[in-house]
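Trainee: First, the structure itself, so that you have it in front of you.
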Amino acid sequence: MLQSSSCISVCPYTVKQPSFLRAQHRISFNLSSDRIAVRGGGDGVTAVSSSSRLRELVFVVNPQGANGRTAKEWKKLLPYLRSRLGKDCNICESLTSGPSHAIDITREAIRDGADAVIAVGGDGTLHEVVNGFFWEGKPVASLNGEASHSAALGLIPLGTGSDFARTFGWKNDPCEAVERIAKGIRSRVDVGVIGQDGKDLHYFINVADLHLSAKAGFYASKYKKFGNLCYVIGALQAFMGHHNRDMRIRVNGGEWEMYPQVTALCVGNAKYFGGGMKITPNAVPGNGNLEVVVLQDFKWYDFILKLHKLYNGTHLSVNNVSSRSVQSIEVQEISDSGSIYVQSDGEHLGFLPRKFRVLPRAIDMIS
């Protein structure tokens with residue numbers, strides 16, 4: 001286990017209002033976070049100015065992640081991070097202070113020309129960082145006329161689920177993640193977009209889903225202190241009073257199709273959700289498609305009998321389970337009850353109707 005024994009000086013950092021935001025909306029807000037710049041070299045710690053030509057890596061850390069475990073693991077990791085990367089990089093730490101803060105930190109880091117923004121935590125932190133790559137339906141980088149390169153997305157998985165990392169076979173090993181960052185190999189990955197009439201666009205990089213699974217995720221978020229057991233508790237609570245619903249979907253702008261007695265519908269850019277469930281096993285984050293898996297007319301005992309298939313990805317052979325590859329899908333409930341939960345990357349977004357589509361090769365990711 002890595003041990004931290006050195007003292008790191010911390011200076012206050014305020015996330016400035018992006019220039020494109022100032023020009024378009026002329027509003028002000030304070031997005032303060034603790035941020036440090038560290039350079040390796042012996043036992044000393046040296047502050048690095050933003051004008052340095054070293055690669056600038058911004059690490060977005062959720063100190064409350066995994067019931068505080070993320071903050072503890074991050075502190076242990078810092079000395080190794082400094083010794084491994086400090087000679088070639090500015091290591092900038094930004095601690096989030098609440099919901100959506102990582103979005104704002106990421107947007108400002110990209111505007112300031114960061115080479116990479118690295119999410120430190122679980123799928124929730126990664127989800128916010130991904131959303132920070134966009135502003136009003138456009139990549140933040142395209143709004144910065146001074147940008148000469150695109151910022152890459154990085155990940156140090158230290159959260160409760162870390163489901164996105166499973167698609168790539170990455171472990172919750174911070175040292176392994178640092179090695180990926182040190183190599184700096186980039187690959188283009190797709191991003192999913194979720195739209196609703198009159199609402200801002202929302203982005204996801206892992207899996208979006210609705211109805212029973214989304215409701216279970218909503219409840220599971222209240223039990224994160226129990227680790228991966230939170231998903232089991234959430235599922236049990238979601239089953240109480242659950243009813244399958246008739247829905248209609250439209251794929252790639254085509255004709256509406258009826259789907260009776262839908263239990264859950266999952267839209268995968270990657271393969272896993274719910275703490276290791278391989279729900280969209282054919283999803284590939286860089287192939288320009290989303291995989292849609294629909295479960296219909298499932299009873300509570302079906303999940304007990306077929307749970308192992310859901311975890312190992314063999315459930316596509318089960319009756320009442322269908323899968324298709326799409327570029328876009330629109331989903332509505334027939335009765336329009338307004339009670340069908342929608343979530344993406346484990347974050348509750350509200351209720352149907354929604355439209356999902358893919359942005360092919362939208363982000364450079366350190367892989």
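Trainee: Please specify each residue of the stretch 181-198 satisfying the condition of being in contact with a Leu (Cβ under 7 Å, 6 or more places away or on another chain) and of a type in the set (Gly, Ala, Ser).
Mentor: ALA182, GLY192, GLY195
Trainee: Still on this structure, I have one more. Restricting attention to the stretch 297-307, does a residue exist that is among the charged types (D, E, K, R), in a helix (DSSP H, G or I), over 21 Å from VAL193 (Cα atoms) and out of contact with any Leu (no Cβ under 9 Å at 6 or more places or on another chain)?
Mentor: Applying the first criterion (among the charged types (D, E, K, R)) to the stretch 297-307 yields 297, 299, 302, 306.
Okay, now just the ones that are also in a helix (DSSP H, G or I), so 302, 306.
Right, trim to over 21 Å from VAL193 (Cα atoms) and you get 302, 306.
Narrowing the set further to residues that are out of contact with any Leu (no Cβ under 9 Å at 6 or more places or on another chain) leaves 306.
Yes, the conditions are met somewhere in the stretch 297-307.
Trainee: Right, next: Might you let me know whether the stretch 195-208 holds any residue that is assigned to a helix (DSSP H, G or I), small (Gly, Ala, Ser) and open to solvent by less than 10 Å² (accessible area, probe 1.4 Å)? Spell out the reasoning first.
Mentor: Looking only at the stretch 195-208, we keep the residues that are assigned to a helix (DSSP H, G or I), and these are none.
Within the stretch 195-208, not a single residue is assigned to a helix (DSSP H, G or I), small (Gly, Ala, Ser) and open to solvent by less than 10 Å² (accessible area, probe 1.4 Å).
Trainee: Here's another thing I want to ask about it. Taking the condition touching an Asp or Glu at 6+ places or on another chain (Cβ under 7 Å), more than 15 Å from ILE205 (Cα to Cα) and crowded, with 19+ Cβ neighbours inside 10 Å, does ALA283 pass? Let's see the steps before the verdict.
Mentor: Values: touching an Asp or Glu at 6+ places or on another chain (Cβ under 7 Å): yes; more than 15 Å from ILE205 (Cα to Cα): no; crowded, with 19+ Cβ neighbours inside 10 Å: yes.
Against the criterion (touching an Asp or Glu at 6+ places or on another chain (Cβ under 7 Å), more than 15 Å from ILE205 (Cα to Cα) and crowded, with 19+ Cβ neighbours inside 10 Å), ALA283 does not qualify.
Trainee: Among (1) without any contact (Cβ under 8 Å) to a residue 60 or more places away in the chain; (2) within 26 Å of the chain's Cα centre (by Cα), there is one condition ASP302 misses while meeting the rest; what is its number?
Mentor: All conditions pass for ASP302, except number (2).
Yes/no matrix, rows are residues, columns are (1) in contact with a His (Cβ under 9 Å, 6 or more places away or on another chain); (2) outside the structural domain of PHE218 (by the TED database); (3) in a helix (DSSP H, G or I):
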| position | (1), (2), (3) |
| --- | --- |
| GLY113 | yes, yes, no |
| ALA119 | yes, yes, no |
| HIS127 | no, yes, yes |
| ALA141 | yes, yes, yes |
| LEU155 | no, yes, no |
| ALA165 | no, yes, yes |
| GLY169 | no, yes, no |
| GLU179 | no, yes, yes |
| VAL189 | no, yes, no |
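Let's see how each residue does on (1) buried (at least 18 other Cβ atoms within 10 Å of the Cβ); (2) without any contact (Cβ under 8 Å) to a residue 60 or more places away in the chain; (3) assigned by the TED database to the domain that holds GLU128:
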| position | (1), (2), (3) |
| --- | --- |
| VAL61 | yes, no, yes |
| GLY65 | yes, no, yes |
| THR70 | yes, no, yes |
| GLU73 | yes, no, yes |
| LEU78 | yes, no, yes |
| GLY86 | yes, yes, yes |
| SER94 | yes, no, yes |
| SER97 | no, no, yes |
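Trainee: Only one residue in SER337, SER344, SER322, SER328 is modelled with pLDDT of 95 or more and either open to solvent by 50 Å² or more (accessible area, probe 1.4 Å) or within 21 Å of ALA235 (Cβ to Cβ) (or both), so which one is that? Give the derivation first.
Mentor: Numbers: SER337 fails: modelled with pLDDT of 95 or more; SER322 fails: either open to solvent by 50 Å² or more (accessible area, probe 1.4 Å) or within 21 Å of ALA235 (Cβ to Cβ) (or both); SER328 fails: either open to solvent by 50 Å² or more (accessible area, probe 1.4 Å) or within 21 Å of ALA235 (Cβ to Cβ) (or both).
On inspection, the qualifying residue turns out to be SER344.
Trainee: Among the residues of the stretch 130-142, is any closer than 25 Å to GLN327 by Cβ, without any contact (Cβ under 8 Å) to a residue 40 or more places away in the chain and charged (D, E, K, R)?
Mentor: Scanning the stretch 130-142 turns up at least one residue that is closer than 25 Å to GLN327 by Cβ, without any contact (Cβ under 8 Å) to a residue 40 or more places away in the chain and charged (D, E, K, R).
Trainee: Cβ-Cβ distance below 6 Å, separation of 6 or more or different chains: which pairs start in the stretch 107-123 with a residue that is within 17 Å of ASP173 (Cβ to Cβ) and end on one that is among the aromatic types (Phe, Trp, Tyr) and open to solvent by less than 10 Å² (accessible area, probe 1.4 Å)?
Mentor: Between residues of the stretch 107-123 that are within 17 Å of ASP173 (Cβ to Cβ) and residues that are among the aromatic types (Phe, Trp, Tyr) and open to solvent by less than 10 Å² (accessible area, probe 1.4 Å), the close pairs are ILE118/PHE59; VAL120/PHE59; VAL120/TRP74; ASP123/PHE164.
Trainee: Looking at LEU295, LEU265, can you tell me which residue is out of contact with any Asp or Glu (no Cβ under 8 Å at 6 or more places or on another chain) and hydrophobic (A, V, I, L, M, F, W, C)? Talk me through it step by step, then tell me what you get.
Mentor: Numbers: LEU265 fails: out of contact with any Asp or Glu (no Cβ under 8 Å at 6 or more places or on another chain).
None of the other options fit; the residue is LEU295.
Trainee: Further question: Among (1) open to solvent by 60 Å² or more (accessible area, probe 1.4 Å); (2) touching a residue at least 40 places away in the same chain (Cβ under 8 Å); (3) touching a Ser or Thr at 6+ places or on another chain (Cβ under 7 Å), where does SER367 come up short?
Mentor: (1)
Trainee: Can you tell me how many residues within the stretch 323-342 are without any contact (Cβ under 8 Å) to a residue 40 or more places away in the chain and either under 26 Å from GLY288 (Cα atoms) or among the aliphatic types (A, V, I, L, M) (or both)?
Mentor: Final tally of qualifying residues: 0.
Trainee: Please specify each residue of the stretch 347-358 satisfying the condition of being over 21 Å from ASP123 (Cα atoms) and either exposed (fewer than 14 other Cβ atoms within 10 Å of the Cβ) or among the charged types (D, E, K, R) (or both).
Mentor: Matches in the stretch 347-358: ARG354, LYS355.
Trainee: When you scan the stretch 309-316, do you find a residue that is touching a His at 6+ places or on another chain (Cβ under 9 Å), surrounded by fewer than 18 Cβ atoms within 10 Å (Cβ to Cβ) and not in a loop (DSSP other than H, G, I, E, B), even just one?
Mentor: For the stretch 309-316, residues touching a His at 6+ places or on another chain (Cβ under 9 Å), surrounded by fewer than 18 Cβ atoms within 10 Å (Cβ to Cβ) and not in a loop (DSSP other than H, G, I, E, B): present.
The values are calculated or read from the model by the stated rules, or taken from the named source; none is laboratory data. Just so you know, these numbers come straight off a predicted model, no measurement behind them. Glycine also receives a Cβ, built like all others from the backbone with ideal geometry; neighbour counts cover every protein chain displayed. These accessible areas exclude ligands, DNA and RNA; they are computed on the full protein's heavy atoms, side chains included. Shrake-Rupley method; radii C 1.70, N 1.55, O 1.52, S 1.80 Å.
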